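Here's the structure we're looking at; comments come further down.
Only the coordinates and a few stated rules stand behind these numbers; no lab work does. Predicted model, so just to flag it, every value in this text is computed and none were measured. Ideal geometry is used to build each Cβ from the backbone, glycine not excepted, and the neighbour counts take in all protein chains shown.
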Amino acid sequence: MHKLTIFFFRQDFNQQDWQKFMGLAEKMPGLRRETVSEINEFIYGGTGRNIERIHEFYFDSRPALDTALQSLEGQMAGAWLHEFTLKHFSMMISEHKEALPEEFL
């Protein structure tokens, strides 16, 4: 799997703007799973203290993720993301791997 991760920095944005972004992004083709994490506290390190929310979008493969980003829905979600956050976010793409308890060493 591959995922697109967006780190939202602390700011005041309207919940309706957030819902509009989610509605657009959730229409991207090939989206398999989505998670949103609200940051409660930082327990170590100072570099991420201004992160308020982490949003992750999961896809079967890197080509599927690229197709989603290049789609009309992906472009619309990206344009709205830039607009409503005033570009106060970071984004990364990563290969996602998971292990179940029975796979732990």
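Taken as Cα centroids, the stretch 66-105 and the stretch 13-43 sit 10 Å apart, rounded to the nearest whole angstrom. Mean residue ellipticity at 222 nm, helices only, the chain: -10000 deg cm²/dmol; runs of at least 4 DSSP H residues each add -39,500 (n - 2.57), and the sum is divided by the number of residues. Residues Asp12, Asp66, arranged from fewest to most other Cβ atoms within 10 angstrom of their Cβ, appear as Asp12, Asp66.
Using DSSP to define loop residues, name the trypsin sites (Lys or Arg not before Pro) in the stretch 44-105 whose beta-carbon has at most 16 other beta-carbon atoms within 10 Å. Each step should come with its number before you reach the end.
Numbers: sites: Arg49, Arg53, Lys87, Lys97; in loops: Arg49, Lys87, Lys97.
Of the trypsin sites (Lys or Arg not before Pro), the ones in loops of the stretch 44-105 whose Cβ has at most 16 other Cβ atoms within 10 Å are Arg49, Lys87, Lys97.
Filter the GluC sites (Glu not before Pro) in the stretch 25-74 to those in DSSP coil with at most 15 other Cβ atoms within 10 Å of their Cβ, and list the result. Working shown, then result.
On the way: sites: Glu26, Glu34, Glu38, Glu41, Glu52, Glu56, Glu73; in loops: Glu26, Glu41.
Hits after loop and neighbour filter: Glu26, Glu41.
Rg and Dmax, both from the Cα atoms of the stretch 2-97 and both in Å, are 13.4, 40.
The label point for Glu34 and the one for Glu98, both projected 7 Å from the Cα toward the Cβ, are 1.7 nm apart.
Loop-located chymotrypsin sites (Phe, Trp or Tyr not before Pro) across the stretch 23-105 with a Cβ neighbour count of 16 or fewer within 10 Å are Phe42, Tyr44, Phe104, with loop assigned by DSSP.
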